[in-house]
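J.: First the structure, which I've put down as structure tokens, then a few questions once you've had a look.
The values are calculated or read from the model by the stated rules, or taken from the named source; none is laboratory data. Since the model is a prediction, treat every value here as computed from it, not as a measurement. Counting neighbours? That spans all protein chains shown, and the Cβs are built from the backbone with ideal geometry, glycine included. The accessibility values were calculated without ligands, DNA or RNA, using every heavy atom of the protein model including side chains. Shrake-Rupley method; radii C 1.70, N 1.55, O 1.52, S 1.80 Å.
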Amino acid sequence: MKPKKKREPAKNPDRNDKRVHVALPIRITYWDEDNKPGLEMACTYDISASGARISKLSAINKEGEIVAVERGRNKAYCRVVWVGDEKSKLHGQIGLQCVEPDRNIWEQELRDMDEVYDKVDAKTLPVKSYVPGNRRRGERVEVEGKAEIVKSDSIAFNNVQHAELRDLSEIGCLVKTKEVLLPGTDIKLILKVANYDLALKGKVKHSALDVGVGIEFAQVRKSDRQTLKFLLEKLKEQNLEDILEVEI
């Protein structure tokens, strides 16, 4: 049975809610103007504990609608909080926010993906030659963001070092720190770009206070591999609107 709609306007969800860029098949139940149910198969574009961005869905075309989202045996009612404009790159996508505060339909998926890391293999990337003799793999792009760094052999919370993220690629990054990290140091880091948090493990390759700390990635959290590629694509276009304007 379709739940009653609330009359107050939908509130924007928490922008700090972590989003994971992942495609998951789902079932969407919607109701027409005569309150008759319909079923459509769709796919997530990204997910968070409070909602999702959905693609390949044609039955929904206005905000405020209530739909039922099913993933396996999990089911939750969600409100449509935005619909991609047909003239924009978001055409065909909708943003959903769960109207059941205590229900997280993606709990298992988010937990599983948080605990698994994939190896970063630079050899799979093409060589990018910028100047003679430079055969660096992975194109670096400038980015504004934050980084939290902790040495892999340290478990103390007060050993977390906060830094400014300067540039980023699929296999490494440059950060500006207040303290020098010695080359060869194994580290864990969280990169914060837009409202995405990316978890990686790596090694310090070079370090200087006036230049920054160069980090080579060794592993990336499985749930963040596709998100990293997505962010790099948008950064190369110098167009972060597609990242920042979508609130789910």
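J.: Return the residue satisfying two criteria in turn: it lies in the stretch 194-211 and is part of a strand (DSSP E or B) and at pLDDT below 90, and of such residues it is farthest from Ala49 (Cα to Cα).
T.: Keep residues of the stretch 194-211 that are part of a strand (DSSP E or B), which gives 196-208.
Next, from what is left, pick out any that are at pLDDT below 90: 196-197, 208.
On the way: Tyr196: 13, Asp197: 14, Ala208: 39 Å.
Here the answer is Ala208.
To keep it simple, each residue is scored yes or no on (1) assigned to a strand (DSSP E or B); (2) closer than 30 Å to Lys188 by Cα; (3) not β-branched (Val, Ile, Thr).
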| residue | (1), (2), (3) |
| --- | --- |
| Thr44 | yes, yes, no |
| Ser58 | no, no, yes |
| Gly64 | no, no, yes |
| Arg79 | yes, no, yes |
| Leu96 | yes, no, yes |
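J.: Also: Within the stretch 147-167, does at least one residue satisfy the condition of being modelled with pLDDT of 90 or more, within 25 Å of Gly214 (Cβ to Cβ) and touching a Gly at 6+ places or on another chain (Cβ under 7 Å)?
T.: Within the stretch 147-167, one or more residues are modelled with pLDDT of 90 or more, within 25 Å of Gly214 (Cβ to Cβ) and touching a Gly at 6+ places or on another chain (Cβ under 7 Å).
J.: Follow-up question, since we're still on this one. What about Arg27, is it in contact (Cβ under 8 Å) with a residue 24 or more places away in the chain and within 25 Å of Asp224 (Cα to Cα)?
T.: Yes; evaluated as a whole, the condition is true for this residue.
J.: So the check is Cβ under 8 Å with 6+ separation or different chains; which pairs have a first residue in the stretch 214-239 that's free of Cβ contacts under 8 Å to residues at least 40 places away in the same chain and a second one that's open to solvent by less than 50 Å² (accessible area, probe 1.4 Å) and assigned to a helix (DSSP H, G or I)?
T.: Here the result reads Lys234/Asp242; Lys234/Ile243, each pair linking the stretch 214-239 to a residue that is open to solvent by less than 50 Å² (accessible area, probe 1.4 Å) and assigned to a helix (DSSP H, G or I).
J.: Something else about it: If you scan the stretch 43-63, which residues turn out to be open to solvent by 10 Å² or more (accessible area, probe 1.4 Å) and under 19 Å from Gly92 (Cβ atoms)?
T.: Residues of the stretch 43-63 that are open to solvent by 10 Å² or more (accessible area, probe 1.4 Å), as a first pass: 43, 45, 49-50, 55-63.
Residues satisfying the conditions are Cys43, Tyr45, Ser55, Lys56, Leu57, Ser58, Ala59, Ile60, Asn61, Lys62, Glu63.
J.: Looking at (1) open to solvent by less than 50 Å² (accessible area, probe 1.4 Å); (2) under 23 Å from the mean Cα position of the chain (by Cα); (3) in contact (Cβ under 8 Å) with a residue 40 or more places away in the chain, can you tell me which one Arg166 breaks?
T.: All conditions are met except number (1).
J.: Still on this model: Taking Lys56 as meeting all but one of (1) of a type outside the set (A, V, I, L, M); (2) at positive phi; (3) at pLDDT 80 or above, write down the number of the exception.
T.: (3)
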